[in-house]
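I have placed the structure first, in the form of structure tokens, so that the comments after it can refer back to it.
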Amino acid sequence: MRDLVTSVFLRGITAPEAMAMDDGAAIPWGDKWLVVTTDAHVVSPVEFPGGDIGRLSVCGVVNDLAMMGATDVLALTSAVIVEEGFDLARLSRLSESARRASDEASAPILAGDTKVMRRGELDGIVLSTSGLAVAERVVRDAGMRVDDAIVVTGTIGDHGLAVLAARERLGLDGALVSDVAPLNGLVRTALAAVGDAIHAMKDPTRGGVVSALSEMATKAGVAVHLSAQAIPMSAPVRAASELLGIDPLWVANEGKALIVVERDAVEPLLRALRDHPLGRDAAAIGHVAAGEPGALLLDTGFGTRRLFERDGEPLPRIC
């Protein structure tokens, strides 16, 4: 995806904000920063355990803003493209779910657009959301430094495996639940606890933890070492991943963040995160080291193996 964006959509563009390929663009705004981002959402099924495409469309944008340090959301806009014949009761549920998520994040939806496509021209519904938020300082995903620690705010793999189980009717109802949630409150707590000790953040959505850390480490010109034993997973995710042969490290999350922080600030950061409902399972999972830019090395307890970002998506249409 990054190769596609770079070779097609960024061709001829020289604006540094665009070339940074960050989670949003930061614009100077007095003594603060105005951060803007946009995201499109497709998921099958549109309703799944723990959430739906309406909630996902709000949380995805709020979380991209939060990863830039922009936790105070000024406004969201929402574009809805729906197929002719889409069930109106379901559409109303999705709209209400998006509204509840916006209330939860204190991120008002102030403008939008609706288009209806003829039957067969669209697979159900697509939601595209944009957001504006304010940051005291901008946190870049390229800010990793050697000896920094890597913290994840909770268990991984929940969203992608919950959607897959619902789509394929695997009979795991109730066991797997998506983690989709707005993270701006949690990130605000983290920034208040350790401030400038946080050097980088990213939410591990499509491609999971491996894709997010690969991109961050490549941009920063460093390597990453992870400990398999330290990475938190729920029992249902661990069981389902073993059953299906899918590694949760490559599975999308929609309510977790990767936070890169100075080593001395790890403990106060973890205390602050664990005091928040969305950060109870936060854990330090690795560290940044000098080495081949973008290299990810996993200590399995029996040896070390290298993790590679995949060209294709193992679980399509999940966010």
Single match in 252, 230, 295, 217 (criterion: in contact (Cβ under 8 Å) with a residue 12 or more places away in the chain and in contact with a helix residue (DSSP H, G or I) (Cβ under 6 Å, 6 or more places away or on another chain)) = 252
Which numbered condition residue 284 fails, given (1) crowded, with 22+ Cβ neighbours inside 10 Å; (2) under 19 Å from the mean Cα position of the chain (by Cα); (3) small (Gly, Ala, Ser) = (1)
Filter the stretch 24-53 for residues that are in a strand (DSSP E or B) and closer than 15 Å to residue 141 by Cα; which is farthest from the chain's Cα centre (by Cα)?
-> 26
For residues in the stretch 29-57 being out of contact with any His (no Cβ under 7 Å at 6 or more places or on another chain), closer than 22 Å to residue 157 by Cβ and among the aliphatic types (A, V, I, L, M), which is surrounded by the fewest Cβ atoms within 10 Å (Cβ to Cβ)?
-> 42
Only unsatisfied item for residue 247, checking (1) touching a residue at least 40 places away in the same chain (Cβ under 8 Å); (2) under 21 Å from the mean Cα position of the chain (by Cα), is (1)
Candidates 56, 4, 65 - the one that is modelled with pLDDT under 95, among the hydrophobic types (A, V, I, L, M, F, W, C) and part of a helix (DSSP H, G or I) | 4
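The values are calculated or read from the model by the stated rules, or taken from the named source; none is laboratory data. Source: prediction; values computed, not measured. Neighbour counts are summed over all protein chains in view; Cβ atoms, including those assigned to glycine, are modelled from backbone coordinates with ideal geometry.
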